[in-house]
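Here is the structure we will look at, set down as structure tokens.
The values are calculated or read from the model by the stated rules, or taken from the named source; none is laboratory data. Since we're looking at a predicted model, the values are computed, not measured. Cβ sites come from the backbone with ideal geometry, for glycine too, and all protein chains shown count toward neighbours.
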Amino acid sequence: MQHSPYTAHRAFISPAFKRSGLMLAAFGFGIIEFGYMLGYDLLDEAFQAVPPAWADAFYTGATPLGLAAQLLSFIILAAPVMLVTRFLHHRSPLTLIGPLGLTWRQFLAVFVPLMLLLLALELVPPWWSSEALDSTRSLPVWLMLLPPALLAIFVQIGAEELLYRGYLQQQLATVFKHPASWLILTNLAFGLAHWDTGAGGTASAQYVIWAFFFGLCASDLTARSGTLGPALALHLANNAFAFLLYGETDGPSSGFALFLFAPETMGAAFDTGEPSLFSWPLALELGILLVMWLTARIGLKR
């Protein structure tokens, strides 16, 4: 056991033993989900009183302000996580994160090499064609957007990490001793949360599969490090890259994108023309995820 790669995880989950149990964890998770849905229902009601264009910008994320507001709204998820941790489990929400100094050092040790990796992957074919490029955001404007954009993205990924790799993983790990149990259960919940009812069934299923394996990587890094730092770095690098570089003109989540493409042209290089659950584009995405996980491991030196 002394050579277990998850030795640090024992210290990470130790505060969760104060009030643990499968039913208590399920009850807490249910309260969090209820609070999250209630918060968004109230937000939906509030948007009835504003101009429709503002509501559209929020729900599509097609403008910088709209996307920033959409991402910052994940405070609605973080709040019930912290309240349940404090009042149901009688412990500080900071115990969901780990020692703050160590968390910060591990975050930097993983985030920097991951961003360098993702930028390097842009040099690998297939390259996107400039023919489909609709416009490019002004570089000075884009650079000014970076700080608030990164803050908004961090709020979004931070809320998800607090819930899944913090609360749920900690509570389940006090119940199930074998890592496979809490790894799978935590990330089944994380994967299913990414089901997109607006997309087709195959596309949604592929997103769930990808999110499940992404969650496994984040949970593994959390267990190896004993803090949320590496999982936050992995999540932030992935989402920052997705939000900040490419988008479709007036398309979903395009508010921060530097390069804007004509609608329905993104991903054309990966379009096989055949809807298949297990396709080579999904395999490619999972392969990139594997390389990201290995890069994070190197950053942690674990």
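For the reader, a short list of remarks on this structure follows.
- For beta carbons closer than 6 Å, sequence separation of 6+ or different chains, a first residue in region 38-61 that is closer than 20 Å to Pro252 by Cα and a second that is among the aromatic types (Phe, Trp, Tyr), the qualifying pairs are Ala55/Phe47.
- The number of residues in region 83-106 that are under 26 Å from Gly299 (Cβ atoms) and free of Cβ contacts under 8 Å to residues at least 12 places away in the same chain comes to 3.
- Here is the figure for region 109-140: residues that are touching a helix residue (DSSP H, G or I) at 6+ places or on another chain (Cβ under 9 Å) and part of a helix (DSSP H, G or I) total 13.
- Restricting Arg91, Arg86 to residues that are basic (Lys, Arg), surrounded by fewer than 20 Cβ atoms within 10 Å (Cβ to Cβ), over 17 Å from the mean Cα position of the chain (by Cα) and in a helix (DSSP H, G or I) narrows the list to Arg86.
- Given (1) in contact (Cβ under 8 Å) with a residue 12 or more places away in the chain; (2) of a type outside the set (D, E, K, R); (3) over 22 Å from Phe261 (Cβ atoms), index of the condition Thr197 fails: (1)
- For region 264-290, a residue qualifies if it is assigned to a helix (DSSP H, G or I), at pLDDT 65 or above and over 18 Å from Phe212 (Cβ atoms), and exactly one does: Trp280.
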